[in-house]
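The values are calculated or read from the model by the stated rules, or taken from the named source; none is laboratory data. Predicted model only: the values in this text are computed from it and were never measured. Here the Cβ positions follow ideal geometry from the backbone for every residue, glycine too, while neighbour counts run over all protein chains shown.
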Amino acid sequence: MENRSRFTTLIMPPAIYLFLLFLLPLGVMLVFSFRAGTTGAAHNIFTLNNYRAFLENSSFQRLLWRSAGISFTISIISIILAYPIAYYLAFRAGVNKSILMTLIIVPTWTSYLLRIFAWKLMLGSTGVLNSILLSTGIIEQASPILIYSRTAVVVTLIYVWVPFVMLPIFSSLERIDRNLLEAAADLGCASWESFLRVTLPLSMPGVVAGFFFAFIPTLGEFVTPLLVGGAQGSMYGNLIQDQFMRALNWPMGSVMSLAMLAVVFILMFLLTRLGPLSELLEL
Amino acid sequence: MSKIKLPSIGAIYIFLICAVLYAPIILLIIFSFNNGTSLVFPLKGFTLQWYQKLGENAEMLSAVQNSFLIGFGSSLLATILGTMGAIAIARFNLPGRGLFLAVSTMPLVIPYVILGVSLLILFKEVGIPLSAFSAGLAHVIISIPYAMLIVSSRLVGFPNNLEEAAMDLGASYWEALLRVTLPIISPALLAAFLLCFTMSFDEFAIASFLVGTDTTLPVYMYSQLRFPTRLPMVIAMAAIIMTLTMSSMLISEWLRRSGQPPTRK
Amino acid sequence: MTDFAVELRNVTKFYSSGSRAKAEEVSAVRNMDLVIPPGKFFTLLGPSGCGKTTTLRLIAGFEIPTSGEVFIQGKPMTNIPPNKRPVNTVFQNYALFPHMTVLRNVAFGLAIKRKPKEEQDRLAKEALALVQLSEMSDRMPSQLSGGQQQRVALARALVNKPSVLLLDEPLGALDLKLRKAMQIELKHIQEQVGITFVYVTHDQEEALTMSDEIAVMNKGIIQQLGDPHTLYTKPVNQFVAAFIGESNFINTVVQSVENNLALVTVGNETIGATNGHEKLHPGSGSIVTVRPEKIKLSLPDSAPQHALSGKITGLVYIGTDTRYQVTLADGQNVIVRAQNSSGIPTSEFSNGEVVKIYWSPEDARILND
C-alpha cells in the first residue's frame with residue numbers, strides 16, 4: 001500500500017501533464033475532424049464530409065504515399081550511409097573513438113534551419129556545387145535541377161539525419177559481445193560471414209531504431225520542402241500546414257493529420273510485429 | 001594488424017562524411033564574415049560589421065530572449081516531470097506502469113507537425129492565447145521522453161537498496177529520494193536539462209504554430225530567410241550561438257569524463 | 001612429421017599497452033616451447049596474468065605471435081586465421097549467439113561448412129545428446145541456466161570434431177557444486193571423444209582432478225610440465241610448490257651432498273633432503289620445501305637422529321587433521337598437518353609445547369631457486 005501511494009504521487013504530475021497537453025489535444029483533433037467550418041467553430045455539427053473529401057481527393061492520398069516514399073528513401077539511404085560510420089567507430093576507431101564521435105555530432109549543434117538553408121546555398125543556381133561544376137567544365141550552364149526539387153529535399157534531409165541514425169546503430173554495435181565474433185571465427189566464419197551471420201542480425205535493433213529516428217520526423221517535414229523543395233518537392237506536411245496556417249480548414253487538416261498518424265502507427269506495428277528481425281535474416 | 005600506415009577505406013569514408021557534414025557550416029561561417037549582402041561567390045572581402053550590428057537589432061534580441069526563457073522553463077519542467085516518471089517506472093512495477101511508459105514515450109514517434117496543430121486546436125478551443133508561453137508548454141511534451149530515458153538509465157545503474165539504507169537510518173521515503181537518490185543522479189539531471197534546452201532552443205515546427213505574435217529565435221530566423229539582405233546578420237547570430245553551444249557541450253562532456261575514472265576497453 | 005596435437009616453437013607474444021604516446025610493451029608469453037601430445041587432457045595452469053589465456057589464444061589463432069611458430073598436428077599455423085584452423089574453443093563466457101536457438105548455435109560450424117541441413121541437424125542433435133541437453137534444442141540461450149549454456153558451448157565446439165578443443169576457464173562462472181560435477185563430466189567426455197583438450201584454469205585443484213598433463217605457468221614462462229603426481233611430489237621451484245597444494249619453505253645451509261641426497265642444517269641441527277638442484281655446494285644456502293602432511297611431530301626425546309627442534313605456537317583443529325604451527329629455533333615457522341586418527345582431536349601436543357619435527361629425505365626437496 002505504501003508503494004502504491006508513492007508510485008501514484010510520483011506518476012501523477014507527469015501523467016496529468018501528458019494527458020492535458022498530449023492526449024487531450026489529439027482527442028480534440030479527432031473531434032474536430034468531424035466538424036465543419038474553417039476553424040471548426042460550428043460546435044453542434046457532426047459530419048463525415050471531411051473524411052469523404054479526403055478519400056475522394058486522390059491527390060491528397062498520392063501526396064501522402066509519395067511523402068511516405070520520400071521519408072522511406074531518406075531513412076534507408078541514411079542507414080546505408082550511417083552504418084559504415086557506426087561500424088568504423090565501434091570496431092575500428094580504437095582510441096580515436098570518442099574524438100570521431102564528437103566530430104560527427106558537432107555539426108548537429110548548429111541551428112536546424114540554417115543547416116537546411118546552407119544546402120540552399122550549396123545547391124542553388126549560384127551555389128557552390130554549380131560553381132564547382134561550371135568551373136570544372138562538367139556542365140556549361142548552371143543546373144536548376146539541384147535546387148527546388150524532390151532530390152534537393154532528399155539530399156538535404158539525409159544530410160540532417162545521418163548523424164542521428166548513426167547513434168542507435170553505433171550503440172547496438174557497441175553492445176555486441178566481442179567474444180561472439182571470435183566464436184564465429186573459431187567456428188569457421190570468414191570475416192564477411194561473421195558480419196552477415198552475427199554482427200548484422202545483432203545490430204538490427206539499432207537499425208530499426210535508426211529508421212524511426214529518420215522516418216517519423218521527415219514524414220512530418222514541412223520546413224525543408226519550403227526552403228529547398230519548391231513546388232516539386234512539396235510534401236504532405238506542407239499540406240497539413242497549409243490547412244492550418246493558410247487555407248484555414250482545420251477540420252480537413254485534422255483528417256489529414258490523422259491519416260498521417262495512421263501511416264506511422266501501421267508502420268510501427270508492422271516493424272515490431274514481424275517478429276524478431278534477426279530471425280528473418282537467418283539464412 | 002598490419003603495420004603499414006596507409007589510411008584504410010573506413011578512415012577515408014569517415015573523412016569524406018566529415019567533409020560533407022562540415023562543408024555547409026563552414027560555408028555559412030565564411031559568409032558571416034563576407035563584406036556583401038548577397039550570399040554568392042566571389043567573396044567581397046572581410047568584415048565584422050554583421051557581428052557589430054547584432055546589438056542594434058532589437059527584434060532579434062527579443063527573439064533570443066524568448067528562446068532562452070522558453071528553453072529554460074520548458075527544460076526545467078520537463079526534467080522535473082521526467083525525473084518523477086523515471087523514478088516511478090524504474091523503482092515500482094505496479095499496474096499503470098506499462099500504460100504510463102507507452103504514453104510518455106509516444107511523443108517520440110509522432111511527427112512534430114501533428115503535435116503542433118493538435119495543440120493549436122486545443123488552445124483555440126479552450127481559449128488560451130497563443131504566445132511564447134504556449135510554445136513552451138508544447139516543448140515540455142517533446143522533452144519529457146528524453147528526460148525520462150536519460151534519468152531512468154542512470155537509475156537502473158545503481159541499486160535501490162541505497163534508498164532502503166537511508167530509510168533504515170530513519171529517513172522517510174521522500175527524504176531518502178531527496179538526500180540520496182537525487183544527488184547520485186544529479187549528473188543525469190543536468191544532462192537531461194541540457195539536452196531538453198538544446199532541443200527547445202532550436203525547435204521551429206511546433207513553435208511556428210503556437211507562438212502567435214511572439215517570436216523565438218528559430219521563428220525569427222525563418223522569417224528573415226526570405227530577405228536576403230538581412231541574412232548575413234542572422235548567420236552571424238547563429239555562428240555565435242553555435243560557438244556557445246559547442247563550448248558548453250564540450251565543457252560538460254569534459255566535466256562528465258573527468259568525474260569518472262578512465263575506462264579500459 | 002611429428003604427430004603432436006600442438007607444438008609451439010620459441011613463441012613470444014608482446015602486447016603494446018597504454019596510449020600511443022607512451023607505448024609500452026608487455027610480454028604475455030616469452031620464448032615458449034611447448035609440445036602437447038594427442039588425445040590428452042592437457043591443462044595450462046597459473047595465476048591470472050600468467051599468459052595461459054594468451055597461449056590458448058595463440059593456438060586458436062586470435063593472437064598472432066610476435067615471434068616464433070605454431071604447429072597444429074604438425075602443420076604450420078602461425079599466420080593461419082582462426083576460421084581456417086582445425087581447433088575450436090569453449091569460451092569463458094560461453095559466447096553463445098543470442099539470436100539463434102540452441103540447435104542453430106550447435107549447428108553453426110556445420111552451416112558454415114555448407115553441410116546439408118539434415119546432416120547439420122542430425123550431428124547437432126547428437127552433440128546435444130552427448131552433453132545431455134537434447135530436450136533444450138529449441139530454446140534460446142537466454143532461457144538456459146549457466147551450466148546448461150556451458151554444455152551448449154561445449155557441444156557447439158565438439159560437433160565440428162576439431163583436432164584440438166580449447167577451453168578457456170569454462171567452469172569459472174559456475175557455483176562450486178556444479179563445477180565439481182562438470183569437472184568429472186568434462187573428463188568423461190574427453191575420454192569418450194578422444195579429442196585433445198587444452199584447458200586453461202587458475203584452479204590447481206581442478207587441474208589436478210582432470211588433467212593427464214599440466215603446464216604450470218607464471219610470468220609468461222612455463223615453470224614446470226608434468227603429470228599431476230610429479231608436479232605435486234617433485235615441484236622444481238618455489239612457485240610450483242606454492243601454487244600446487246600447500247608447502248613449507250625452509251631456509252637451510254647445505255652441509256654435505258651425496259648422490260641425490262643431501263644433509264642440510266637449520267641453526268645447529270641437521271636433516272636430510274632430496275637434491276633437486278643441479279649444482280649444490282656444501283656451505284651454500286638453499287631452500288627446502290616439504291608438504292605439511294609429510295612432516296612428523298614428536299616429543300624431543302623420542303625423535304630420530306636428524307630432526308629440528310621447535311615450539312608449537314599455534315594449533316587449529318580442521319576435522320580430519322590438526323594443523324600445527326611450529327616455530328623453529330632460528331625463528332622460522334613451519335606448518336605441520338597431523339591426521340586425527342579417530343576423528344576427534346588427538347591433542348597429543350598442546351600450544352607452547354617444545355617438540356621436534358622430522359621427515360623422510362625423499363619427502364623434502366631442495367629447490368632450484
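What the table below lists for this structure:
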{"read-out": "Output for the range A:135-175, where each listed residue is in a loop (DSSP other than H, G, I, E, B), crowded, with 19+ Cβ neighbours inside 10 Å and in contact (Cβ under 8 Å) with a residue 60 or more places away in the chain", "value": "A:Ile147, A:Tyr148"}
{"read-out": "Selection from the range C:142-179 of residues that are in contact with a Ser or Thr (Cβ under 8 Å, 6 or more places away or on another chain) and part of a helix (DSSP H, G or I)", "value": "C:Ala157"}
{"read-out": "Residue check, B:Thr245 touching a helix residue (DSSP H, G or I) at 6+ places or on another chain (Cβ under 7 Å) and not in a helix (DSSP H, G or I)", "value": "no"}
{"read-out": "Residue among C:Pro282, C:Pro345 that is assigned by TED's automatic domain parsing to the domain that holds C:Val266 and either farther than 20 Å from C:Val266 by Cα or at pLDDT 85 or above (or both)", "value": "C:Pro345"}
{"read-out": "Residue match in the range B:113-125 (condition: in contact (Cβ under 8 Å) with a residue 40 or more places away in the chain and more than 8 Å from chain A (Cβ to nearest Cβ))", "value": "yes"}
{"read-out": "Those residues of the range C:60-98 which are over 29 Å from C:Ser145 (Cα atoms) and among the β-branched types (Val, Ile, Thr), in sequence order", "value": "C:Ile64, C:Thr66, C:Val70, C:Ile72, C:Thr78, C:Ile80"}
{"read-out": "Criterion: in contact (Cβ under 8 Å) with a residue 60 or more places away in the chain, part of a strand (DSSP E or B) and charged (D, E, K, R) - qualifying residue of C:Arg365, C:Arg323", "value": "C:Arg365"}
{"read-out": "Residue match in the range B:35-49 (condition: modelled with pLDDT under 85 and assigned to a helix (DSSP H, G or I))", "value": "yes"}
{"read-out": "Counted residues, the range A:233-275 - those being within 28 Å of A:Leu121 (Cβ to Cβ) and either among the basic types (Lys, Arg) or within 12 Å of chain B (Cβ to nearest Cβ) (or both)", "value": "10"}
{"read-out": "Scan of the range A:85-118 for residues that are touching a residue at least 24 places away in the same chain (Cβ under 8 Å) and not aromatic (Phe, Trp, Tyr), ordered by number", "value": "A:Ile85, A:Ala86, A:Leu89, A:Ala90, A:Met101, A:Ile104, A:Ile105, A:Pro107, A:Thr108, A:Leu113, A:Arg115, A:Ile116"}
{"read-out": "Residue satisfying condition, being small (Gly, Ala, Ser), over 24 Å from C:Leu96 (Cα atoms) and more than 12 Å from chain B (Cβ to nearest Cβ), within set A:Gly230, A:Gly188, A:Gly220", "value": "A:Gly230"}
{"read-out": "Matching option when the condition is in contact with a Lys or Arg (Cβ under 8 Å, 6 or more places away or on another chain) and either away from every other protein chain (no Cβ under 14 Å) or surrounded by fewer than 15 Cβ atoms within 10 Å (Cβ to Cβ) (or both), among B:Asn57, B:Asn35, B:Asn66", "value": "B:Asn35"}
{"read-out": "The one condition in (1) under 30 Å from B:Lys124 (Cα atoms); (2) assigned to a helix (DSSP H, G or I) that A:Ile45 fails to fulfil", "value": "(2)"}
{"read-out": "Condition check for B:Ser134: more than 9 Å from chain A (Cβ to nearest Cβ) and either within 22 Å of B:Ala63 (Cβ to Cβ) or not β-branched (Val, Ile, Thr) (or both)", "value": "yes"}
{"read-out": "Pairs with Cβ under 6 Å, 6+ apart, first in the range C:60-83 and closer than 25 Å to A:Ser194 by Cα, second of a type in the set (Gly, Ala, Ser) and not in a loop (DSSP other than H, G, I, E, B)", "value": "C:Pro82/A:Ala185; C:Pro82/C:Ala60; C:Asn83/A:Ala185"}
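Residue-wise test of (1) crowded, with 22+ Cβ neighbours inside 10 Å; (2) facing another protein chain (nearest Cβ under 8 Å).
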position: B:Ile29; (1), (2): no, no
position: B:Ala86; (1), (2): yes, no
position: B:Leu94; (1), (2): no, yes
position: B:Ala102; (1), (2): no, no
position: B:Pro107; (1), (2): no, yes
